[in-house]
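The values are calculated or read from the model by the stated rules, or taken from the named source; none is laboratory data. Remember, predicted model here, so these are calculated numbers, not experimental data. Positions of Cβ are backbone-derived with ideal geometry, glycine not excepted, and every protein chain shown enters the neighbour counts.
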Amino acid sequence: MQMPVNAFKRALREGRPQIGLWSMLCSNIVAEIVATAGFDWVVIDTEHSPNELPSVLQQLQAMQIDANTATPVVRPAWNDPVLIKRFLDIGSPNLILPFVQDAEEARRAVAATRYPPHGIRGVSMSQRANRYGLVADYHARATEELGVIVQVETLTALDRIPEIAKVDGIDGIFIGPADLSADAGHLGNSAHPEAQAAIMKGLQACKAAGKPCGILAPVEEDARRYFDAGFTFVAVGVDQGLLTKATRDIVKRFRSHIGRS
């Protein structure tokens, strides 16, 4: 059996814009639906949603289907080698690691994804990532098809993007707009000019370092603007937000139709 190709990692390396979705509903059925919608990448979030290893496994299984066009990305709750090891073993081809503050934390993130002697990832000879032992060259080639993205979420980390970007094994840098805005003194208001200036500062630092830069932008106008500015990978929606809006919109329309407020 051949090593699966990580289309998302290759696209980032080539600088091709990638349309993403954030998934927080903890459902394998939702994962199956959004995986075939045409997104390039889908984040299975475990930091701010009640996702645990078994449910993430089910979602990864649901996304591995013939018509799938989306590459999974798992966000662990923290930059923790134990969490990283477990998500890699169940077959996540990409990780987005939160709250990386400097180059040393970025190096630790990469080390947790690499087998010895290049890192500290624990070795299992047969798990879902290597199709239960059927991918014969998995351990030799795992690094080739594994994407590591680190999140920059504070003003301090923003200033350290040049050194973070130099860490070997970092495939992309993700600007966390909500936490960055909060750190800039504008909690819940990433549209504030100072928050936007910080976001764009991060983008320019990534460009200067030659690293693809990503962001979450569930407001369509923002997502378009970020793509136009040069962000390579943008999550243009959140599954629970889409469901919330769609259900309320249809109720509003039919209440109006029958004369109810």
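Counting residues in the range 238-254 that are modelled with pLDDT of 95 or more, part of a strand (DSSP E or B) and under 29 Å from PRO162 (Cβ atoms) gives zero. Comparison of THR244, THR232 shows that the only residue that is polar (S, T, N, Q), out of contact with any Pro (no Cβ under 8 Å at 6 or more places or on another chain) and either within 25 Å of GLY188 (Cα to Cα) or free of Cβ contacts under 8 Å to residues at least 12 places away in the same chain (or both) is THR244. Would the range 207-230 turn up any residue that is of a type in the set (A, V, I, L, M, F, W, C) and over 21 Å from the mean Cα position of the chain (by Cα)? Yes, the conditions are met somewhere in the range 207-230.
The residues of the range 99-133 that are farther than 30 Å from ASP183 by Cβ, of a type in the set (A, V, I, L, M) and out of contact with any Leu (no Cβ under 8 Å at 6 or more places or on another chain), listed by number, are VAL123, MET125. Going residue by residue through the range 174-189, is there one that turns out to be on the phi > 0 side of the Ramachandran plot, surrounded by fewer than 23 Cβ atoms within 10 Å (Cβ to Cβ) and not hydroxyl-bearing (Ser, Thr, Tyr)? Yes, some residue in the range 174-189 is on the phi > 0 side of the Ramachandran plot, surrounded by fewer than 23 Cβ atoms within 10 Å (Cβ to Cβ) and not hydroxyl-bearing (Ser, Thr, Tyr).
Entry remark, the range 56-80: residues being surrounded by fewer than 18 Cβ atoms within 10 Å (Cβ to Cβ) and either in contact with a Gly (Cβ under 9 Å, 6 or more places away or on another chain) or among the hydroxyl-bearing types (Ser, Thr, Tyr) (or both) number 3 in total. Return yes or no: is GLN58 within 26 Å of ASP137 (Cα to Cα) and modelled with pLDDT under 95? So GLN58 fails the test.
Results for (1) touching a residue at least 60 places away in the same chain (Cβ under 8 Å); (2) over 15 Å from LEU146 (Cβ atoms); (3) touching an Asp or Glu at 6+ places or on another chain (Cβ under 7 Å), shown as yes or no for each residue.
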{"position": "PRO4", "(1), (2), (3)": "yes, no, yes"}
{"position": "LEU21", "(1), (2), (3)": "yes, yes, yes"}
{"position": "GLU32", "(1), (2), (3)": "no, yes, no"}
{"position": "THR36", "(1), (2), (3)": "no, yes, no"}
{"position": "ASP45", "(1), (2), (3)": "no, yes, no"}
{"position": "VAL74", "(1), (2), (3)": "no, no, no"}
{"position": "ALA77", "(1), (2), (3)": "no, yes, yes"}
{"position": "LEU88", "(1), (2), (3)": "no, no, no"}
{"position": "GLU104", "(1), (2), (3)": "no, yes, no"}
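Scanning the range 13-32 for residues that are hydroxyl-bearing (Ser, Thr, Tyr) and closer than 18 Å to PRO218 by Cα returns a single hit, SER23.
Residues checked against (1) surrounded by 10 or more Cβ atoms within 10 Å (Cβ to Cβ); (2) within 25 Å of LEU25 (Cα to Cα); (3) charged (D, E, K, R); (4) touching a Ser or Thr at 6+ places or on another chain (Cβ under 9 Å):
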{"residue": "LYS207", "(1), (2), (3), (4)": "yes, no, yes, no"}
{"residue": "ILE215", "(1), (2), (3), (4)": "yes, yes, no, no"}
{"residue": "PRO218", "(1), (2), (3), (4)": "yes, yes, no, no"}
{"residue": "ARG224", "(1), (2), (3), (4)": "yes, yes, yes, no"}
{"residue": "GLY230", "(1), (2), (3), (4)": "yes, no, no, no"}
{"residue": "PHE233", "(1), (2), (3), (4)": "yes, yes, no, no"}
{"residue": "VAL236", "(1), (2), (3), (4)": "yes, yes, no, no"}
{"residue": "GLY241", "(1), (2), (3), (4)": "yes, yes, no, no"}
{"residue": "SER256", "(1), (2), (3), (4)": "yes, no, no, no"}
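The single condition from (1) under 16 Å from VAL82 (Cα atoms); (2) buried (at least 19 other Cβ atoms within 10 Å of the Cβ) that PRO116 fails is (2).
Residue under question is TRP41, and the condition is that it be at pLDDT 95 or above, under 16 Å from the mean Cα position of the chain (by Cα) and surrounded by fewer than 18 Cβ atoms within 10 Å (Cβ to Cβ); does it hold? Here the answer is no, as TRP41 does not meet what is asked.
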